[in-house]
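Colleague: I'd like to ask some things about the structure below.
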Amino acid sequence: MRVFLTGATGFIGSHVIPELLDRGHRVLGLTRSDAGARQLEAAGVDVHRGDLDHPETLASGVALADAVIHCAFDHNFATFFENTKKDERNIAAMGEALEGTQKPILITSGVGIGTPLNGGPAIEDVLNPRHANPRIATELAGAALIARRIDVRTIRLPQVHDTTKAGLITPLVAEARRAGAVAYVGEGQTRWSAAHVSDVAKLYVLALEKGEPGARYNASVEEGVTARAIAAALGKGTGLPVRSVAADEVERYFGWMAPFAALDMIASSARTRARLGWEPTGPDLLTDLAAMDYSTLFKA
């Protein structure tokens with residue numbers, strides 16, 4: 001297949017590319033810059049010029065491909081809500097180009113959207129439309145396409161990591177440096193699910209080749225790693241002190257990340273593994289955090 005890949009020069013997309021090429025697919029990668037175009041060409045990828053602020057440029061890419069993997073998202077958290085609405089518009093625009101075809105589109109969300117109303121690990125067969133995370137807009141946009149019989153498959157991401165990045169944990173280092181300590185709330189028993197980026201990339205390709213219309217897949221390898229364990233790893237890597245904080249200190253130590261500080265984001269991938277035969281092999285989160293170079297990571 002010729003696969004239109006948004007976010008092709010990004011952290012996850014750049015790992016999806018070799019997985020697709022190794023499986024014999026061709027890739028049409030979205031980029032808005034000359035530097036991005038050179039990066040894609042060097043990777044053996046065809047270039048499609050476009051921009052997340054112009055949905056019509058994504059729709060034109062869809063028309064040139066047999067399938068779509070939509071990894072792109074604007075990760076400026078200062079405008080997070082607005083960016084989820086942008087994602088909603090882009091999914092709708094690509095859906096228009098897909099209507100009446102059998103082409104699949106894989107969209108990207110977060111595992112938290114599958115958290116049951118009565119609590120517990122997020123699971124694939126749950127869609128919580130009242131979830132507080134604004135990223136729910138992505139899945140509601142996907143649901144609208146599914147209602148129009150468009151083949152939508154959703155990949156839900158945990159904290160995706162290697163030795164250079166680790167989801168929300170990476171900007172947490174910047175907040176720790178600003179505050180002068182790595183913090184966790186209370187006893188630090190809240191947990192975040194995680195997966196190595198190589199395993200996530202493999203899952204996208206499996207969902208493309210073996211997935212089903214309307215299905216959701218959890219990319220979590222570790223169901224949950226405790227906040228205290230994460231803080232200890234960051235403290236060792238940065239040389240900053242590690243401390244427990246009370247609820248009234250959360251904003252001081254976590255800054256814009258305060259809403260995530262005491263949030264459980266655990267997720268099971270049992271159904272994903274069974275349905276797609278996904279067998280993760282990458283390092284775990286704490287191994288990667290131990291191997292990170294903190295001398296340059298978000299250093300002020």
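Colleague: Over every pair of different alpha-carbon atoms in the stretch 250-300, take the mean of 1/r and invert it; report that Kirkwood radius in Å. Each step should come with its number before you reach the end.
Modeller: Numbers: mean 1/r = 0.0684 Å⁻¹.
One decimal place: 14.6 Å for the Kirkwood radius.
Colleague: Under a straight-distance cross-link criterion of Cα-Cα below 25 Å, which lysines are reachable from K210, leaving out those fewer than 8 residues away in the same chain?
Modeller: Reachable lysines: K103, K202.
Colleague: Any idea what angle helix 227-238 forms with the longest principal axis of the chain, computed on alpha-carbon atoms, 0 to 90 degrees, nearest 10?
Modeller: Compared with the principal axis, the helix lies near 80 degrees.
Colleague: In the chain, what percent of the accessible surface is made up of carbon and sulfur (1.4 Å probe, ligands and nucleic acids excluded)? Spell out each step's value before the answer.
Modeller: Numbers: 6770 of 13070 Å².
On the chain, the fraction of accessible area on carbon and sulfur atoms equals 52 percent.
Colleague: Still on this structure, I have one more. In Å², what does the accessible area per residue of the stretch 1-108 work out to with a 1.4 Å probe?
Modeller: Working: 4820 Å² over 108 residues.
In whole numbers, the stretch 1-108 has 45 Å² accessible per residue.
Colleague: Could you compute the net charge surrounding R49? Neighbours are other residues with a C-beta less than 14 Å from the C-beta of R49; K and R count +1, D and E count -1.
Modeller: -4
Colleague: Something else: Quick one: 3J(HN,Hα) in Hz for the stretch 85-96, Karplus 6.51/-1.76/1.60 with θ = phi - 60°, rounded, Gly and Pro as x.
Modeller: So the Karplus estimates, Gly and Pro as x, are 5, 4, 4, 4, 5, 5, 5, 4, 5, 5, x, 4 Hz.
Colleague: With θ taken as phi - 60° and the coefficients 6.51, -1.76 and 1.60, list the Karplus ³J(HN,Hα) couplings across the stretch 160-174 in order, rounded to whole Hz; mark glycine and proline as x.
Modeller: Result, ordered by residue: 8, 9, 8, 8, 10, 9, 7, x, 5, 5, 4, x, 4, 5, 4 Hz.
Colleague: With 36 Å as the cut-off, how large is the P(r) tail for the chain, expressed as percent of Cα-Cα pairs?
Modeller: Values: 6670 of 44850 pairs.
Of all Cα-Cα pairs in the chain, 15 percent lie more than 36 Å apart.
Colleague: Okay, moving on. The stretch 1-40: Rg/Rh from Cα coordinates, Kirkwood Rh? Write out the running numbers ahead of the final one.
Modeller: Values: Rg = 9.5 Å, Rh = 10.0 Å.
Expressed as Rg/Rh, it is 0.95.
Colleague: Related question: Leaving out same-chain residues fewer than 8 places away, which aspartates and glutamates sit with a Cα under 14 Å from that of K86?
Modeller: Qualifying aspartates and glutamates at Cα under 14 Å: D51, D53, E56, D74, E139.
Colleague: In addition: Kindly provide the GluC sites (Glu not before Pro) of the stretch 59-148 that DSSP labels as loop, not H, G, I, E or B, and whose Cβ sees at most 16 other Cβ atoms within 10 Å. Working shown, then result.
Modeller: Working: sites: E82, E88, E96, E99, E124, E139; in loops: E99, E124.
Loop-located and lightly packed - E99.
Colleague: Considering the options A231, G211, I150, tell which one lies farthest towards the positive end of the dipole of the stretch 150-252, charges being +1 on Lys and Arg and -1 on Asp and Glu at the Cβ, about the Cα centre.
Modeller: A231
Colleague: Under a cut-off of 18 Å between alpha-carbon atoms, report the lysines in cross-link reach of K236, not counting same-chain residues fewer than 8 places apart.
Modeller: K165, K299
The values are calculated or read from the model by the stated rules, or taken from the named source; none is laboratory data. The structure displayed is predicted, hence computed values, not measured ones. Cβ atoms come from the backbone with ideal geometry, glycine included; neighbour counts cover every protein chain shown. These accessible areas exclude ligands, DNA and RNA; they are computed on the full protein's heavy atoms, side chains included. Shrake-Rupley method; radii C 1.70, N 1.55, O 1.52, S 1.80 Å.
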